[in-house]
Amino acid sequence: MAIALVLVLIVVGSVLFHFLSPWWWTPIASNWDYIDHTITISFWITGVVFSAVVLFMAYCVFRFRHREGNRAVYEPENKRLESWLTIVTAIGVTALLVPGLFVWSRFVNVPSDATEIEVVAQQWQWSYRLPGKDGKLGTSDTREVTAENPLGIAPKDPNGQDDVVVEAADLHLPVDKPVKMLLRSIDVLHDFYIPEFRAKMDMIPGSVTYFWFTPTRTGTFQVLCAELCGQGHPLMHGMVMVDTEQDYLAWLGQQQTFAQLSAPQQTGSANPLPGNTMASALDVAAKVETVEAR
């Protein structure tokens, strides 16, 4: 009797915790409410199955408890019960899978008017590359990565000369404009994740993955790495700022292109190049080596 009561309390407590819990999703800031709906469907299906199974266990514990004079009856098979269980299980699994397949189809089919933005991950920072005036991103290759070219942009590709480089700094995006995020890692596995956008994807060295989204409200949103990538993994944070069109263009005008960053600089100049980027770990290492060599 006590065990049956405990099982019932587990179900009641789980349902109450689900509806009254203070830990819930962050407010959505993109077009991917489809993902929220899919997760909600999964919660309902698994919640109903969990409640039904545990309550059935409680019923069996109570109904078939030990009583003097009662004897158990062995029934080796029940084809009717097996058929019903197979049908119900198939319906449940289908209901779990089908919504996700529809969402995935939308997730990987990028609108034709989406702007391509490259995200480059390395231990333990985020960098970005945006298309310049030609609207095209130049090619890149990890074999081109150096202290002077930390994103590995192909220096001989004319399409890459006007690319805007945002190294180890915050990314800005215009509101209500679709963007396709091209994800690239130059060392180990990473995962680009912005909780409010409901979009994330693994970044695999040697390949380019992608997803797309449309920011739907302005604000500042935290970028997280959702893949264990080494000792500095917990500190691999960044910021994406969604701006109005005017603020975005003002920010974009302050950034430097690949051609500007790779142009020869006068030694000993007291005036650094303008820009809002931060020195990367590779740049710092290169400067230290130069000083030590002297």
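The values are calculated or read from the model by the stated rules, or taken from the named source; none is laboratory data. Keep in mind the model is a prediction, meaning the values are calculated, not measured. Cβ coordinates were reconstructed from backbone atoms using ideal geometry, including for glycine residues, and neighbour counts include every protein chain displayed. What goes into the accessible areas is simple: the full protein's heavy atoms, side chains included, and nothing from ligands, DNA or RNA. Shrake-Rupley method; radii C 1.70, N 1.55, O 1.52, S 1.80 Å.
Numerical summary
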{"quantity": "Hey, residue 174 open to solvent by less than 30 Å² (accessible area, probe 1.4 Å) and in contact with a strand residue (DSSP E or B) (Cβ under 9 Å, 6 or more places away or on another chain) or not", "calculated": "yes"}
{"quantity": "Hey, residue 96 over 30 Å from residue 178 (Cβ atoms), out of contact with any Leu (no Cβ under 7 Å at 6 or more places or on another chain) and hydrophobic (A, V, I, L, M, F, W, C) or not", "calculated": "no"}
{"quantity": "Any hit, the range 238-250, residues being touching a His at 6+ places or on another chain (Cβ under 7 Å), under 16 Å from residue 192 (Cα atoms), at pLDDT 90 or above and among the hydrophobic types (A, V, I, L, M, F, W, C)", "calculated": "yes"}
{"quantity": "Pairs with Cβ under 9 Å, 6+ apart, first in the range 133-155 and open to solvent by 60 Å² or more (accessible area, probe 1.4 Å), second modelled with pLDDT of 80 or more and of a type in the set (Phe, Trp, Tyr)", "calculated": "155/258"}
{"quantity": "Residues of the range 13-59 satisfying the condition of being of a type in the set (A, V, I, L, M, F, W, C), over 30 Å from residue 175 (Cα atoms) and open to solvent by less than 70 Å² (accessible area, probe 1.4 Å)", "calculated": "15, 45, 52, 54, 58"}
{"quantity": "Qualifying residue in the range 179-190 (condition: acidic (Asp, Glu) and either crowded, with 19+ Cβ neighbours inside 10 Å or in a strand (DSSP E or B) (or both))", "calculated": "no"}
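Conditions (1) outside the structural domain of residue 123 (by TED's automatic domain parsing); (2) in contact with a Ser or Thr (Cβ under 6 Å, 6 or more places away or on another chain); (3) buried (at least 18 other Cβ atoms within 10 Å of the Cβ), marked per residue:
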{"site": "196", "(1), (2), (3)": "no, yes, yes"}
{"site": "207", "(1), (2), (3)": "no, no, no"}
{"site": "211", "(1), (2), (3)": "no, no, yes"}
{"site": "220", "(1), (2), (3)": "no, no, no"}
{"site": "237", "(1), (2), (3)": "no, no, no"}
{"site": "240", "(1), (2), (3)": "no, no, yes"}
{"site": "249", "(1), (2), (3)": "no, no, no"}
{"site": "254", "(1), (2), (3)": "no, no, no"}
